[in-house]
Each structure stands twice: as structure tokens, then as C-alpha cells.
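Please treat every number below as a calculation from the coordinates, not as lab data. Just so we're clear, the structure is a prediction, and the values are computed from it rather than from any experiment. Reconstructed Cβ throughout: ideal geometry from the backbone, glycine too, with neighbour counts over all protein chains shown.
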Amino acid sequence: MGTKTVDETGVKTDMHKTDEATGTTESTEAAEGTEAATTAETAGRAETDTDGTGTPGDADVTDKSDGTDAAEAGPTGVGQGAGAVVSAALGIVSLTGSWVGTVASARESLMGQLQTSSSSDVGTLIEKGYGNAWQATAMWGGVFALVALVVGVFVLARPAFGAPGRPQAPWIKSVAWAGVALGVIGLLLAVLKYTDVLLALPSTG
């Protein structure tokens, strides 16, 4: 009877203390869970909207990276470099001679011999046998020089019609200018040889 009286008068027993401690712990865990959820939600909003204007921060990063990738995927100058080398090589060929020019010269010489006879005068023999062959060599040298000149000028002018802000590599400019110079020299020599101004045929008069 004494224990019951104590319980009815409001004295807390061990069972009451255990229940209260359990309730307090549950309340604390619930409060911590709510606070953690609020913190996670706030962090998510901060990552989604970094400047407070509703623009996603991830979208800005994606846009910037896409622009960088597009710039890197632009023209690399490989074609321009190849064109510059081709121009210089054709310029050298126009000065030193080519297989095509040699064959054309031999063909013209053979045709000249077939068109003349032993009774022909010396001037005709020289003109048909050597003059036409010399002009054929000069003509093909001029063709190679002209192509070298055109390719070199195209390579030098290409950046003006390409992607802005991408300067041409210095070595490409140097090789292209070399091709242009060799093309001009080869074209000039071809004209002088074809018109008999340079290394003309001997006179028979």
C-alpha cells in the first residue's frame, strides 16, 4: 500500500524516469533529423542556383566547357601546313626540272627529227630538234611554278576566311612565303626561256 500511495501522490518512480528519458531522446533525434534535412535542402538550392537569379550553376559550367571544347575542335592548321610544304616543293621542282618536263622535251625532240630530213637546212634542224624541246621544258617548268604560286598565296590568305582569333603558325607562314618566292622565280625563268630571252638557240645566219 505504501508504494501505491507514493505513485498516486505524484512521486516519480524508476519506470516514470525511464519513459521520460526515452521520450526526450526521441524528441532530440527527431529534431536533429529535421535540421539535417533542412541543411541538405539548402545546400541543394545553393548548388542549383549559385547567383540567386535562378540560373543553374551547373549549366554555366557546362556552357563554358562546351565553348572550350568547340574552340579546341576548331581548325588545327594541319591542312595549311601541308599546303605550305606542297607549295615550296612545287617551287623547287619548277627550278630543277620534273619528270613530266623531261618526257615532254624528249617527245618534242623526237617529233622534230621525224619532221625533218637530211636535206633540211641547219636552222630547221635546230628549231625542230632542239628549239621545240627547250620550249616544252620551259612550259612545264612554268606550270609547276604557277601552281606553287597559287597554293602559297592560298595558304597565306586562308586565315582571313577561317575561325577568328586563331593565328597562323609562324612556320606555316615561312614555308608558304618560300613557296611563293620560288614560284615567282620559276615562273619568271620559264617565261624568259620560252621566249628565247634566256639561253636562246644559236643563230645559223
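Observations on the structure shown:
- Note on the stretch 108-205: with charges restricted to the Cβ of Lys and Arg (+1) and Asp and Glu (-1), its dipole about the Cα centre is near 640 debye.
- Trp171/Arg107 FRET efficiency (R0 41 Å; Cβ-Cβ; nearest 0.05): 0.55
- Stretched out straight at 0.36 nm per residue, the stretch from Val197 to Ile185 would grow longer than its current Cα-Cα span by 2.8 nm.
- Counted by Cβ distance under 13 Å from Gly81, the other residues give a net charge of +2, where Lys and Arg count +1 and Asp and Glu count -1.
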